[in-house]
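Okay, so here's the structure we're looking at.
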Amino acid sequence: MRAFIFDLDGTLVDTVYPHVVALQQALSEAGVEVPAWLVHRRIGMSGGLSARALAREIGRTLSPAEQDRVQHRHGQIFLELLPSRRPLPGARELVHWLVENHVPFGIATSGRRPDIDASLAALDLPPDLVVVSRGDVLRAKPEPDLFLACQERMGVRREDVYVVGDAVWDLLAARRAGMLSVGLLCGGYSLEELVQAGALRVYRDPSELLNSLDELGVGGRAPE
């Protein structure tokens with residue numbers, strides 16, 4: 001049976017752009033001034049990796065202590081900007097359909113607790129769902145650790161897994177994990193970028209994915 005591993009931010013919940021603003025401000029406080037469009041290109045990587053990469057854009061090197069401060073401030077500012085979370089169109093319906101049709105799925109996110117707790121709560125997830133966050137693995141995306149840990153905890157074969165993500169970092173990590181991937185446009189990456197990163201199929205958002213599950217060999221077409 002096919003199984004799914006979902007990214008969280010920008011895939012199931014509408015949080016990408018608040019993350020962009022929060023990370024940009026946290027970097028600015030550390031003396032790293034970068035435009036928002038560059039910050040967006042790094043969302044989905046781990047906080048430490050994205051901060052280092054963005055600092056390099058202006059010729060700066062962040063110490064481990066500076067990276068930790070940026071990550072901490074990023075989380076603080078994000079919670080201030082978005083104390084409540086909004087599921088992306090069709091996200092809850094997709095979750096409910098998978099549960100009702102006994103299709104295994106889990107979540108693997110570069111986010112950390114408690115930052116992700118409100119996002120998880122907004123999705124009305126099963127209480128026993130496997131959720132792997134940044135604090136559970138040694139390396140984050142684009143390394144495959146998050147997806148491999150989630151797959152192992154779910155007890156499914158990696159060749160049966162579709163990774164669903166909105167960023168090229170999700171799809172690159174899926175490729176490294178030996179898993180097929182599906183891209184969603186709702187995180188701001190283009191169709192071409194997602195396909196080039198390895199997406200087998202690309203859909204607008206969770207709603208379109210829900211109504212296209214037959215293309216992935218998962219049950220029949222979900223009811224409109």
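Any read-out appearing in this document is the output of simple, stated calculations on the displayed coordinates, not a laboratory observation. All values derive from a computational prediction rather than experimental measurement. Virtual Cβ from ideal backbone geometry, glycine too; neighbours counted across all protein chains shown.
Take every Cα pair under 8 Å whose residues are at least 6 apart in sequence, average their separation, divide by the length of the range 67-186, and the relative contact order is 19 percent. Report relative contact order for the chain in percent, whole number only (criteria: Cα-Cα under 8 Å, sequence separation at least 6). Rounded, it is 24 percent for the chain. Label-to-label distance, R69 versus V99, with points set 7 angstrom from Cα along the beta-carbon direction: 4.3 nm. For R201, the residues whose modelled amide H falls within less than 5 Å of its own, excluding neighbours fewer than 5 places apart on the same chain, are G183. Ordering A199, Q67, S84 by the projection of their Cα atoms onto the charge dipole of the chain, which places +1 on the Cβ of Lys and Arg and -1 on the Cβ of Asp and Glu, puts Q67 at the extreme positive end.
Relative to the longest principal axis of the Cα atoms of the chain, the long axis of helix 91-100 lies at roughly 40 degrees.
R0 = 22 Å: FRET efficiency of R2 with D117, Cβ-based, nearest 0.05? The computed FRET efficiency comes out at 0.20. Residues V161, V218, arranged from fewest to most other Cβ atoms within 10 angstrom of their Cβ, appear as V218, V161.
How much net charge surrounds A30 when only the other residues with a Cβ under 11 Å from the Cβ of A30 are counted, with Lys and Arg +1 and Asp and Glu -1?
Neighbour charge sum, excluding A30 itself: -1.
If you split all Cα-Cα distances of the range 73-125 into 10 Å bins from zero, what percentages do you get per bin, shortest first? All Cα pairs considered, the percentages come to 21, 48, 24, 6, 0. Note on Q76 and D136: their simple-model spin labels are 2.8 nm apart, each label 7 Å out from Cα toward Cβ. The radius of gyration of the Cα set in the chain, together with its Dmax, comes out at 16.8, 52 angstrom. Stokes-Einstein diffusion for the range 143-224 at 4 °C, viscosity 1.567 mPa s, with a Kirkwood radius from C-alpha pairs, works out to 100 µm²/s. Per the Kirkwood formula applied to alpha carbons, the range 16-81 shows a radius of gyration over Rh ratio, Rg over Rh, of 0.91. About its Cα centre, the range 117-158 has a charge dipole of approximately 240 debye under the convention of +1 per Lys or Arg Cβ and -1 per Asp or Glu Cβ, with nothing else charged. Output the 0 to 90 degree angle, nearest 10, between the alpha-carbon long axis of helix 16-29 and the longest principal axis computed from the alpha carbons of the chain. Approximately 20 degrees, to the nearest 10.
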